[in-house]
Amino acid sequence: MMLKKTLRCFTYLSLSIGSVSLQAQAQGPALQNIREVTSGDHEYSSPVWSPDGQKLLFTDHHNDALYIKDLAGNGSVQKIKEGQGIGYKAKWTPDGKGVIFYEKQTSSGARTFLEKSIDLKGGRERVLSEDNSSKANRTFSSRKSPSLKVYINPQTLKLEARVGNGEPWIITQEEGQYYSPLVSPDGKKVVVNEGPNIYLYAINGSGKRKNLGVGLPSSWLPDGSGIVTFEDESKDGHTVSGSELYHIALSSNAKTKLTNTADRIEMWADVSPDGKKIAFADEKSGKIYVADLNLKK
């Protein structure tokens, strides 16, 4: 099976990584009532909860399609659009009635980066922004601060931010090549990878960065108290052979292992808006799972 390519940053896991200590989950497992919500032979990846917590948006292993699954009842998976790369970092519109995705168009050697939305009911597409500059890239924001945009500068690989179309500022002042930013729910903080490590920054550039250890972050907890990450392994340096989910508490850097399975490769987890559930992909089977989340804080 062809597994979705990830930004693999380690091949060995230890019980203590940097300043992050790995702790066992007390009083029962953190994930309970784990159930598969997809069926059939199709392979899916990267689930994202809708704002009302009733639906999931996901893509395939190549990020070339958008799918919706209504978790109420036994509804089938609905494909809403196909296109090269459109599933990567796709997200819901704030009202949950549509999906926002990015589309690249090339004409006469010039590249245009389009941010678009698609209405779930009528399928109507709308261009939200259009950028043909050399610095064009996906932007990230929070529901509380939608005008504040965070993005990786593709020329410098630094993490930058701007408000609307205003002048940008650099968040990551340190040397390095950064990737996979994730903005906090309140729009004040961001986690981003530099090499195998996750770093926490204030978006306004104040204070010092905080090293959260090894992993790839995929979701914040709704209250901003922590993040969910995954750590993939490779025996040959090319093919993913395993992966588990973790929770990192920002106040203490305590790290909790959420999964420990030999038959699944858990990645790309997303916590529901109420913080009570988690969705994740099994990159081995291509199935999407949902579980009750019971973190001890």
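Per the Kirkwood formula applied to alpha carbons, region 162-297 shows a radius of gyration over Rh ratio, Rg over Rh, of 0.99. Calculation over all alpha carbon pairs of region 114-164 in 5 angstrom steps from 0 returns a P(r) of 5, 18, 21, 24, 18, 10, 5, 1 percent. For region 62-188, the Cα-based Rg and Dmax, in that order, read 16.0, 50 Å. Summing Lys and Arg as +1 and Asp and Glu as -1 over all other residues whose Cβ lies under 11 Å from the Cβ of residue 75 gives a net charge of +1. In loop segments of region 138-201 as defined by DSSP, the trypsin sites (Lys or Arg not before Pro) with at most 13 further C-beta atoms inside 10 Å of their C-beta are 143, 144.
Across region 177-252, Cα-Cα distances exceeding 18 Å account for 39% of all pairs.
If the segment from residue 78 to residue 173 were pulled out straight at 0.36 nm per residue, it would be longer than the present Cα-Cα gap by 29.9 nm. Across the chain, the fraction of Cα-Cα pairs farther apart than 37 Å, rounded to a whole number, is 10%. Per residue, the accessible area of the chain comes to 49 Å² when a 1.4 Å probe rolls over the protein heavy atoms. With a 1.4 Å probe rolled over the protein heavy atoms of all chains, the accessible area of 282, 41, 223 falls in the order 41, 223, 282, largest first. The relative contact order of region 77-130 comes to 26 percent, based on Cα pairs under 8 Å that sit 6 or more residues apart. Between the listed residues 168, 230, 201, the Cα displaced farthest toward the positive end of the dipole of region 151-297, a dipole computed from Cβ unit charges relative to the Cα centre, is found at 201.
Taking the charge dipole of region 237-284 about its Cα centre, with +1 at Lys and Arg Cβ atoms and -1 at Asp and Glu Cβ atoms, the residue from 268, 250, 281 reaching farthest to the positive side is 250.
Selection among 84, 147, 113 by position relative to the dipole of the chain gives 147 as farthest towards the positive end (Cβ unit charges, Cα centre). Leaving out ligands, DNA and RNA, what percent of the accessible area of region 137-260 is carbon and sulfur, probe 1.4 Å? Carbon and sulfur atoms account for 49 percent of the accessible area of region 137-260.
In whole percents, the pair-distance distribution calculated for region 238-297 from its alpha-carbon pairs, binned every 5 Å from zero, is 4, 17, 26, 25, 16, 9, 3, 0. Measuring with a 1.4 angstrom probe and ignoring ligands and nucleic acids, residue 88 comes out at about 80 Å² accessible.
Sorted largest first by accessible area at a 1.4 angstrom probe radius, with every protein chain in place, the residues 62, 238, 247, 42 fall in the order 238, 62, 42, 247.
Note on region 157-200: along the principal axes its Cα atoms extend 31, 23, 13 Å, ordered by decreasing extent.
The values are calculated or read from the model by the stated rules, or taken from the named source; none is laboratory data. Computed from a predicted model, the values in this text were never measured in an experiment. Glycine gets a Cβ as well: all are built from the backbone with ideal geometry, and neighbour counts include every protein chain shown. What goes into the accessible areas is simple: the full protein's heavy atoms, side chains included, and nothing from ligands, DNA or RNA. Shrake-Rupley method; radii C 1.70, N 1.55, O 1.52, S 1.80 Å.
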